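First up is the structure itself, then whatever we jot down about it.
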Amino acid sequence: MSSDRDAAIVGIHEYPSRDVEGEVSPLQIKAESAARALEDAGLNWSDVDAIYDAGDGGGMGGLNIAEYFGLKPNVIDTTNVGGSSYEFHAAHAKRDIAAGKAKVALLTYGSTAHSNARAIGVGGRGGPGMHPAENMDAFAGMTLIANYAMVARRHMHQYGTTSEQLAEISTATRYHAMRNPEAVKAMEDLEFLDIRETTISDVVNSRMIADPLHLLECCMISDGGGAVVIASPEVARDCRKPPVWILGGGEATKYPENGGDITTSAAAQSAPQAFGEAGVTPAEMDIAMVYDSFSITVLTLLEDLGFCKKGEGGSWVQGGKLRFDQSGGPALNTDGGGLSSNHPGMRGIFLLIEAARQLRGESTSQVADARLAVAHGNGGMLGSRHAAGTVILGRD
Amino acid sequence: MNDVKRPIPRSDEPDTAAFWEGTKQKEFRYQQCNSCNTVVFYSRRHCTGCTDGELQWKTSAGTGSVYTFSVVRQSYHPFFRNLVPYVVAWIDMDEGPRILSNVTGVAPEDVSVGQKVQVEWEEHETLNIPLFKPV
């Protein structure tokens, strides 16, 4: 077991625009975010000796991005597991820094999904690819939302979960979004109708997209990006902002199995690794940054992270306890989440960024004296094959 | 009318080609290990349950039940957008394989988890597609 002060997040930046109108490229978003995050840390390009990259800028991930940034890193990690890539990257950075391979790690993300009109959230699938699973699935016309909706349907069948309970996720997230000027601007730029706090009734009466999921249970499709700088304790002590320590990490994958349980995700495997390494429990978490592609994603992940027992998530989230100003549970997605602030396709980096803001005291929905946060990314698709990355963060 | 065709699986994908070959005879084929009895589906060359077993091809009776489903009401796919609302479902075959498919021949509101279904082949030129209808 490693020490819990191996590495810290020292620099963060969330690219502010959610609609770049085709005038900025994903690579340019990555570079600008990197520069701002390094500036936030009080570091420079020349300090970076480790690159973590999901390949969102094109080419061969870490190879091309090192050239584009003009870096000569000693650690190049091109792990791509979709939206959870950044939780994997953070845990790998802690591991690599603890092993003495690097001192300053740079994670970046850039996407112009909205400008490209890429149908991340609502589209059909393309034709069969060469992966055997794709060659089995494509004929059925499962949209991305239907993939998640089938988890929700089974969850309802197995545990009695209701649409009203799932809607708690959407209303808490929107509550936080309305306090975040960048989230409000995002909703305006993406032409959301009727931008305001929502009620349970608003959510369950919104248009059905794929039963049982309604429009207000689905994430937005934005442009965007960001960067995170992670450093060794020696470097972190001299940075401009207080360190946000990476206390533990865990990773896992899950895929369809004959007779398998679709209501349990890979988080059930990654979370015990992360909490175990950190030596803390879910009940101690002040903040839960949990990938909200859809309402059911969060409900499933909260259960698998260990906030409540499997199947009890529906009743557990009731009563607004996930709001930053309520007690009884962690504050959920206090930036407004993918549902109401930022979802360019791979949201994982924003989970780290907002968790770090909370532990620095910089959130627009700040939890008083927040000390511990969990960031959990889900990459791929919850209802079929997906990856889970859990990271536990804490301040001094 | 809808001139765009349903996506047709490739017959040259190395692992799943034999399954699709079987659909030409309207056979729902799956594999089972002769050593550890693991049911393997989608089809592969290797057993996922043990390292020394040989996979035997078997033919399902074609019956199963709905594990879970969704009614798709919005799609931008050139074929499926004309089908909405349609039912996508994970089907548990009685012999063990779980397959993603559509439940057809029934109003979406009459589909339920646990419902008994049987395969209904949709005919195409090069192979047949296993869709499902309530028993």
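The values are calculated or read from the model by the stated rules, or taken from the named source; none is laboratory data. Worth saying up front: this structure is predicted, and the values here are computed from it rather than measured. Note that each Cβ is placed from the backbone with ideal geometry, even for glycine, and that neighbours are counted across all protein chains shown. SASA here: full protein model, heavy atoms, side chains in, ligands and nucleic acids out. Shrake-Rupley method; radii C 1.70, N 1.55, O 1.52, S 1.80 Å.
General observations
- Electrostatic dipole magnitude of the stretch B:5-79 [Cβ: Lys, Arg +1; Asp, Glu -1; Cα centre; debye, to 20]: 420 debye
- Cα-based convex hull, chain A, per residue volume (Å³, whole number): 126 Å³
- Note on the stretch A:237-396: antiparallel DSSP beta bridges, both residues inside, total approximately 75 percent of the bridges counted.
- Hits among aspartates and glutamates - C-alpha to C-alpha of A:LYS309 under 18 Å, sequence gap 8 or more where chains match: A:GLU168, A:ASP261, A:GLU284
- Rounded to the nearest 20 debye, the dipole magnitude of the stretch B:17-134 is 200 debye, with +1 charges on Lys and Arg beta carbons, -1 on Asp and Glu beta carbons, and the Cα centre as origin.
- Distance histogram in 5 Å bins (all Cα pairs of the stretch B:17-134, percent per bin): 2, 12, 19, 20, 18, 15, 8, 4, 2, 0
- Using only side-chain charges placed at the Cβ, +1 for Lys and Arg and -1 for Asp and Glu, the dipole size of the protein assembly as shown relative to its Cα centre rounds to 420 debye.
- Of the trypsin sites (Lys or Arg not before Pro) found in the stretch B:2-63, those in coil by DSSP whose Cβ has at most 16 other Cβ atoms within 10 Å are B:LYS5, B:LYS24, B:LYS26, B:ARG44, B:ARG45.
- Since only A:CYS239, A:VAL24, A:LEU215 are under comparison, the one whose Cα sits farthest along the positive direction of the charge dipole of chain A, derived from C-beta charges on Lys, Arg, Asp and Glu, is A:CYS239.
- Computed on chain A, with alpha-carbon pairs under 8 angstrom and 6+ residues apart, the relative contact order is 26 percent.
- Per residue accessible area of the protein assembly as shown, 1.4 Å probe, in Å²: 37 Å²
- Heavy-atom accessible surface of chain A: percent carbon and sulfur, 1.4 Å: 48 percent
- Over the C-alpha atoms of the stretch B:73-126, the Rg to Rh ratio, Rh being the Kirkwood estimate, stands at 0.98.
- Chains B and A, summed buried accessible surface - 1.4 Å probe, Å², nearest 100: 3400 Å²
- Alpha-carbon centroids, the stretch A:215-273 and the stretch B:18-94: separation in whole Å: 32 Å
- Cα-Cα over 19 Å, subset of B:LYS26/B:LYS133; B:LYS24/B:LYS58; A:LYS103/A:LYS241; B:LYS5/B:LYS116; A:LYS72/A:LYS101; A:LYS30/A:LYS72: B:LYS5/B:LYS116
- Rg to Rh quotient for the stretch A:57-97, alpha carbon positions, Kirkwood Rh: 0.97
- Longest site-free stretch - chain B; sites: GluC sites (Glu not before Pro), DSSP loop, at most 12 other Cβ within 10 Å: B:55-124
- The stretch A:226-293: GluC sites (Glu not before Pro) falling in loop per DSSP and having at most 14 other Cβ within 10 Å: A:GLU257
- In loop segments of the stretch A:184-224 as defined by DSSP, the GluC sites (Glu not before Pro) with at most 10 further C-beta atoms inside 10 Å of their C-beta are A:GLU191.
- Kirkwood-based Rg to Rh ratio, the stretch A:285-365, C-alpha trace: 0.94
- Whole-number percent relative contact order across the stretch B:17-134, with pairs defined as alpha carbons under 8 Å at least 6 apart: 23 percent
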